[in-house]
Amino acid sequence: MNPEKVVFGFFIVLALTLNFGFFIGEIDNPEHHHAWELFAVVLVNLIATVLKFGDRTHMGALLLATSLVAILQLVTASLIWAIAAHATTGGVTSSVTASIVSLSGGAMIANVISVVLLVIETYTLRR
Amino acid sequence: MDNIVYLIMRRMRVPLLLLIGVYAVAMAGMVLIPARDAAGDPVPMSFFHAFYFVSYMSTTIGFGELPNEFTDAQRIWVAFCVFATVAVWVYAVGTLIALLQDSTFQRAITERRFRKRVRRLRDPFYLVCGYGQTGGALVRSLTDRHDHAVVIDIDPERVNLLKLDDQREYVPALCADACQPANLEAAGLQHALCKGVVALTNVNEVNLQIAIAAKLMHPRIKVICRADSHEIEANMASVGTDHIYDPFDTFALDMAIAIQAPCLTLLGDWLSGVEGEPLGEPIYPPSKGRWVLCGYGRFGKAMYRYLSEQDLALTVIEALPHKTGVPKEGVVHGRGTEAVTLEQAGIQDAVGLVAGTDNDADNLSIIMTALELNPDLFVVARENHLHNQILFDRVGAKVVMLPSRIIAERIRVRLGTPLLAEFLTFARYQEDNWACELVSRIAALVDDEAPHVWEVRVDEVDAPALCDEDRRGTAVTIAQLLCDPRARERSLPVIVLMRLHNDARRPLPEGAERIRTGDRLLCCGRAEASRCMTWTMRNPWVLRYVRTGETGPDGGVWRWLARRREQAHKAAPAKR
């Protein structure tokens with residue numbers, strides 16, 4: 001057992017599960033989507049991205065790309081949240097929540113692809 | 001490119017992970033600990049404010065406590081976080097700077113820049129492996145003729161030296177082992193414009209390996225090698241190396257030719273000399289009498305072989321005969337630097353001396369001692385190191401043999417003007433009178449500077465006007481091409497040495513010969529004459545002038561007017 005692979009798989013799967021946790025719930029209800037969840041999702045995704053650095057294989061490049069997509073979506077979602085909460089008078093309305101959650105939904109798809117790739121890679125290894 | 005990005009990513013993985021972790025913990029603490037709003041009521045800090053605060057805290061920018069004054073609980077947390085985040089930041093930045101200074105990283109950057117430069121080369125170039133004396137001389141002569149070169153050398157000092165040398169063209173250089181095919185590939189071995197590979201390292205095996213790699217990776221490429229031993233030469237020839245140069249054999253053969261045909265040697269010297277330098281004087285090595293050879297190493301053996309073919313009596317002086325082996329008779333043991341040994345070898349009644357040891361101090365000492373004993377000697381000196389040039393200039397040797405320069409000259413001629421190399425090979429089979437006549441013709445052409453020697457390709461690129469005339473069936477002769485385009489009754493100071501027509505070589509072609517598309521001409525003369533010839537070959541009006549002497553109307557309107565006038569002229573007599 002390679003401990004590096006354990007950590008790697010752990011973070012990639014955790015990124016997906018946390019993302020799912022944040023995403024689930026009524027799309028426009030701020031009560032169903034907590035800021036702490038988003039914080040955790042961004043954090044774990046960042047860690048997963050950095051872990052994917054420096055892999056020269058084609059699979060590694062693809063994994064990195066999916067992570068970068070997820071980060072892009074999640075950072076955009078956080079930015080929207082921060083701007084809505086602090087820079088506008090309206091605050092986090094239901095429409096803002098809807099766009100934040102849909103962005104995180106996009107990130108979740110990227111994370112799903114990540115996990116699928118990971119599974120494929122593991123399958124092809126046969127060791 | 002990939003190398004650098006991956007290197008950064010790999011090295012920055014741990015610092016970045018630490019940074020993310022510490023930020024997350026600090027932010028989480030800031031959000032968890034209740035803050036106060038402006039009125040003093042407890043409110044939670046938002047993630048946005050936590051991130052904002054941690055960012056400027058960790059980079060020690062320190063804007064103060066925002067958005068409101070902190071509670072003591074927050075300050076306790078911040079007091080811990082400051083040390084953790086700042087330390088991690090310093091670590092991350094330190095790693096990045098260390099990475100930038102890392103030699104592996106630096107090499108990756110230099111190599112990448114080198115690859116990019118080679119890939120962007122838009123002119124034909126030669127790949128020169130080994131930038132020692134020979135390589136340096138070759139690169140200089142190539143760039144002086146505005147040819148391009150790419151250099152590989154294993155010694156970083158020599159690569160730095162190349163950057164200091166003031167070359168006329170930019171020469172990309174890589175410090176790498178030329179034995180490794182990957183490095184040759186980086187230096188453009190498979191580049192479409194790579195015209196040839198020149199292996200000039202001082203290790204025979206490396207040269208051989210370069211030849212093999214070049215022939216396998218780019219089979220149609222020209223490969224030129226330096227070799228010091230006959231065994232390696234045979235090996236190189238077997239892998240298909242185009243030209244192999246052994247400095248000692250080459251020079252010894254030249255000496256043998258000089259004894260038989262001094263004019264021929266002079267002709268070769270003049271034509272392959274560097275343009276603009278004063279013309280050399282002819283040398284007349286004595287063809288009768290006894291020669292003394294000091295040193296029976298690689299050079300001594302080559303000289304012995306070629307001189308004995310000229311039926312000259314030879315005496316060899318060798319200090320270590322058991323190591324080098326010696327001929328059966330006429331051997332004196334010793335170094336030759338002492339008068340005793342030289343007298344023993346009969347220097348007083350000898351006509352020639354070859355100071356051919358591999359030690360410059362010994363050679364100089366031999367020459368000085370020998371000239372004292374017999375001032376009329378014809379002295380051939382072997383100079384091993386270029387930096388002793390100034391001493392060899394003064395010692396009184398008639399001919400100085402510098403291995404690196406000989407090879408560099410030969411390869412330069414071979415690469416720069418391949419037709420000249422063929423012409424000189426042809427000349428070798430001619431009588432000396434033939435050469436003497438040509439030498440006097442050249443001397444009349446140029447004052448006392450070495451002539452400009454160049455190749456003319458009659459094709460659409462270099463001679464569009466000429467090709468156009470040829471297509472129309474108009475004959476343009478060599479004599480017409482040599483007319484001065486400013487006044488056609490004068491002829492340009494040019495001699496056409498050779499014409500290559502359908503792979504048939506015609507040395508010194510007649511003026512009446514017609515030039516056809518696809519021909520190649522080897523010309524020698526003054527540099528400005530070559531520009532005049534280019535003018536004639538490119539400009540149809542100039543070509544018409546040198547052909548017919550007419551300077552007709554050039555523009556469309558003038559031609560139309562001229563045609564009308566001609567028609568009117570024809571019509572007028574008919575009316576009458």
- Once phi for every residue in segment B:493-508 is put through the Karplus expression 6.51 cos²θ - 1.76 cosθ + 1.60 (θ = phi - 60°), the whole-Hz ³J(HN,Hα) values, with Gly and Pro written as x, are x, 9, 10, 8, 7, 8, 10, 9, 10, 6, 6, 9, 8, 10, x, 6
- Put +1 on the Cβ of each Lys and Arg and -1 on the Cβ of each Asp and Glu in chain B; which of B:Met9, B:Leu307, B:Ala487 then has its Cα farthest toward the positive end of the dipole? B:Ala487
- Counting alpha carbon pairs within less than 8 Å and at least 6 residues apart, what relative contact order, in whole percent, applies to chain B? 8 percent
- Around B:Val331, which amide H atoms from residues at least 5 apart in sequence, or from another chain, sit under 5 Å from its own amide H, with H modelled in the peptide plane? B:Val316
- Dipole of the protein assembly as shown (Lys/Arg Cβ +1, Asp/Glu Cβ -1, origin at the Cα centre): which of B:Leu184, B:Gly334, B:Ile478 lies farthest to the positive side? B:Ile478
- Counting only Cβ distances under 4.7 Å between cysteines, those in chain B with no partner are B:Cys81, B:Cys129, B:Cys175, B:Cys179, B:Cys194, B:Cys225, B:Cys294, B:Cys467, B:Cys483, B:Cys523, B:Cys524, B:Cys532
- Plugging the Cβ-Cβ distance of B:Leu373 and B:Leu508 into 1/(1 + (r/R0)^6) at R0 = 56 Å yields, to the nearest 0.05, a FRET efficiency of 0.75
- Put +1 on the Cβ of every Lys and Arg and -1 on every Asp and Glu Cβ in segment B:424-469; which of B:Ala465, B:Val453, B:Gln430 then has its Cα farthest towards the positive end of the dipole? B:Gln430
- Task: Could you let me know the centre-to-centre spacing of segment B:232-265 and segment A:6-36, using Cα atoms, in angstrom?
- Result: 79 Å
- Taking every alpha carbon pair in segment B:260-419 and sorting the distances into 10 angstrom bins from 0 up to the bin holding the longest one, the percent per bin comes out as 10, 38, 35, 14, 2
- Query: Using a cut-off of 24 Å between alpha-carbon atoms, which lysines can reach A:Lys52, once sequence neighbours fewer than 8 places away in the same chain are excluded?
  - Reply: A:Lys5
- Query: Can you give the relative contact order of chain A as a percent, counting alpha carbon pairs under 8 Å and 6+ residues apart?
  - Reply: 34 percent
- Per residue of segment A:6-15, in order, report the coupling 6.51 cos²θ - 1.76 cosθ + 1.60 (Karplus, θ = phi - 60°) as ³J(HN,Hα) in whole Hz, putting x for Gly and Pro. 4, 4, 4, x, 4, 5, 5, 5, 4, 4
- What is the Rg over Rh value, at two decimals, for chain A, using alpha-carbon atoms and the Kirkwood definition of Rh? 1.05
- Query: Say each of B:Ser308 and B:Val274 gets a label point 7 Å from the Cα, pointing the same way as Cα to Cβ; how far apart are those two points in nm?
  - Reply: 3.7 nm
- Item | Proportion of all alpha-carbon pairs of segment B:120-245 beyond 26 Å (%) | 12 percent
- Among B:Lys301/B:Lys398; B:Lys195/B:Lys215; B:Lys301/B:Lys328; B:Lys215/B:Lys301, which pairs are too far apart, with a Cα-Cα distance over 22 Å? B:Lys215/B:Lys301
- Message: Give the residue list of GluC sites (Glu not before Pro) in segment B:359-460 that are DSSP loop and have at most 14 other beta-carbon atoms within 10 angstrom.
- Response: B:Glu431, B:Glu460
- How large is the helix-only mean residue ellipticity at 222 nm for chain B, computed as the sum of -39500 (n - 2.57) over DSSP H runs with n ≥ 4, divided by its residue count, in deg cm²/dmol to the nearest 500? -16500 deg cm²/dmol
- In chain B, which helices (entire DSSP H runs) extend 30 Å or more along their own long axis, judged by Cα positions, while averaging at least 0.0 on the Kyte-Doolittle scale? B:2-32, B:72-101
- Taking r as the C-beta separation of B:Tyr429 and B:Arg112 and R0 as 45 Å, the FRET efficiency to the nearest 0.05 is 0.30
- Message: Please list, ordered by chain and number, the residues whose modelled amide H lies under 5 Å from the amide H of B:His148; skip anything fewer than 5 residues away on the same chain.
- Response: B:Tyr126
- Using amide H atoms built 1.01 Å from N in the peptide plane, name the residues 5+ places from B:Val223, or on other chains, whose amide H lies under 5 Å from its own. B:Val197, B:Asp242, B:His243
- Footprinting proxy, B:Arg565, B:Arg122: sorted fewest to most Cβ within 10 Å, the residues are B:Arg122, B:Arg565
- Note on the structure: So, relative contact order of segment B:2-101 in percent, Cα under 8 Å, 6 or more apart, is 36 percent
- Message: Between helix A:58-82 and chain A, what is the angle of the helix's C-alpha long axis to the longest principal axis, kept within 0 to 90° and rounded to the nearest 10?
- Response: 10 degrees
- Message: Relative to 2.2 N^0.38 Å, what does the C-alpha radius of gyration of chain B come to as a ratio? Two decimals please.
- Response: 1.48
- Message: At q = 0.07, 0.09, 0.10, 0.11 Å⁻¹, what log₁₀ I(q)/I(0) does the protein assembly as shown have when each alpha carbon counts as one equal point scatterer in the Debye sum?
- Response: -0.74, -0.90, -1.00, -1.14
- 222 nm [θ] for chain A, helices only, -39500 (n - 2.57) per DSSP H run of 4+, per residue, to 500? -26500 deg cm²/dmol
- Task: Using only Cα atoms, find the angle between the long axis of helix A:35-51 and the longest principal axis of chain A, and express it within 0 to 90 degrees, rounded to the nearest 10.
- Result: 30 degrees
- Query: When all alpha-carbon pairs of segment B:451-548 are counted, what percent fall beyond 17 Å?
  - Reply: 43 percent
- Query: Which ordering of A:Leu62, B:Leu481 is given by a fewest-first count of other beta-carbon atoms within 10 Å?
  - Reply: A:Leu62, B:Leu481
- Task: Could you name the aspartates and glutamates whose alpha carbon sits less than 16 Å from that of B:Lys323, not counting residues in the same chain fewer than 8 places away?
- Result: B:Asp358
- Item | Orientation-averaged projected area, Cα convex hull of segment B:17-143 (nm²) | 12.7 nm²
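Computed from the coordinates by the stated procedures, all read-outs in this text should not be read as laboratory data. Small disclaimer: the values here were computed from a predicted structure and weren't measured. All Cβ positions, even for glycine, are placed from backbone atoms using ideal geometry, and neighbour counts span all protein chains on display.
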